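The values are calculated or read from the model by the stated rules, or taken from the named source; none is laboratory data. Just so it is clear, the model here is predicted, and its values are computed rather than measured. FYI the Cβ positions are ideal-geometry reconstructions off the backbone, even for glycines, and counts take in every protein chain you see. All accessible areas refer to the heavy atoms of the entire protein, side chains included, with ligands and DNA or RNA removed. Shrake-Rupley method; radii C 1.70, N 1.55, O 1.52, S 1.80 Å.
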Amino acid sequence: MDEVGIDISNQTSKSQDQFLNEEFDYIITHCDHAAMAYPNFPGQANRLHWPIEDPAMAIGTMDERVTVFRRARDEIKARIERFLKSKP
């Protein structure tokens, strides 16, 4: 992410429980595990599933694994841009 100017060094995973009292317009999952594990997230949010290869599961040389991370990053960016363009 640093390659594209985004600092995620202080980011951490968060539990769904942390958001139980919040309302969302959209819930977007990226891996099949998340889509299956949290099928009934509270609220009336629109659910979208954008399946993207989990880069943490990549095997191969360091360069090959980094390529998978870059591909996932770029695919998420492209999907977000398309999603935002589709909204009025």
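Quick notes on this structure:
- First in the stretch 2-26 and over 16 Å from Ala45 (Cβ atoms) and part of a loop (DSSP other than H, G, I, E, B), second anywhere and among the acidic types (Asp, Glu) and open to solvent by 80 Å² or more (accessible area, probe 1.4 Å), Cβ under 6 Å, 6 or more apart: none
- Taken over the stretch 45-76, the criterion of being without any contact (Cβ under 8 Å) to a residue 12 or more places away in the chain and either open to solvent by less than 100 Å² (accessible area, probe 1.4 Å) or assigned to a helix (DSSP H, G or I) (or both) is satisfied by Ala56, Met57, Ala58, Gly60, Thr61, Met62, Asp63, Glu64, Arg65, Val66, Thr67, Asp74.
- Hits in the stretch 20-44 (condition: surrounded by 14 or more Cβ atoms within 10 Å (Cβ to Cβ) and either at pLDDT 80 or above or among the hydroxyl-bearing types (Ser, Thr, Tyr) (or both)): Phe24, Ile27, Ile28, Thr29, His30
- Selection count where residues are touching a Lys or Arg at 6+ places or on another chain (Cβ under 9 Å) and of a type outside the set (A, V, I, L, M), scope the stretch 1-29: 3
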